[in-house]
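*Asks:* The structure is given below, and queries will be raised subsequently.
We did not get these values from a lab; they are worked out from the coordinates using the rules stated. Computed from a prediction, not measured in an experiment: that's the story for all the values here.
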Amino acid sequence: MNEMATNAAGQPILLRERRGHVGIVAMNRPEARNAMSPDLAEALVLAWEEQEADDDIWVHIITGVGTRAFCAGADLKLMAVRNAASPADDPAGPVIHSFGGIGPAISKPVIAAVNGFALGGGCELCLACDLVVMEEHAEMGLPEVLRGVVAGAGGLERLPRRIPPAIALEAILTGTPFSASRAYELGLVNRVVPTGSGLDAAVELAEAICQASPLAVRYSRAVARASFSLGETAAKGEALDLRKKWRSSEDFKEGPRAFAEKRSPEWSGR
């Protein structure tokens, strides 16, 4: 992360914390509703790379600082300035399109702790995560059409596959956000919790995942996600390849051994 990248208060634009095997990153631009700037996007990409390389981190969590917004999407003020300066150039740059770099390179579960508005790219960021915990006052949606912009970080592709297509299309075409209760009703989020408790609830969920073998979790996640995107047949091929790796791991031996010895398993992640 660029050490000079700070928010309006002179603080780092990305805060990081570890709780046991859980790595937490928090977008820290509350004065801009945690809108995604190129510096913030780059900082997130680097954070994920470091946490992926850390064998002691088994689950990722992403959240935003403050109670107003998780992430309000791309920084439209910055986009307007860049468009005025050079309208032919891509105003966001290549790294911002990932909205935090949650893509194929991520192998560990990612939980979004939504502490406020998750709009535009913020909604797309949630849709890229594996699990979502949402505070009861928060909202989620794709309002890009209301600003003359087209959602370009996966929202148009993912939302119709996550909820009934007609409902997804209405949300996309009108820009109307979902309340937390409606998002839960539609299956967009896993849990709705009181305001101010989103991160703790996400950590609780992450710790439940950490009770299992981190390798088994990663392999199971890979097969499930392949099923979402490629279909059942392709996912079976993915499962066969991963099963070979899993059967040669220490965790594969430890699980049955711990069961036979009537004790809790001691996972190594190897």
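*Asks:* Can you say what percent of the DSSP beta bridges in segment 97-235, counting only those with both residues inside, are antiparallel? Round to 5.
*Replies:* 20
*Asks:* Right, next: Using only Cα atoms, locate the centre of segment 98-125 and the centre of segment 140-162, then give the distance between them in Å, rounded to an integer.
*Replies:* First find each Cα centre; the distance between them is then 14 Å.
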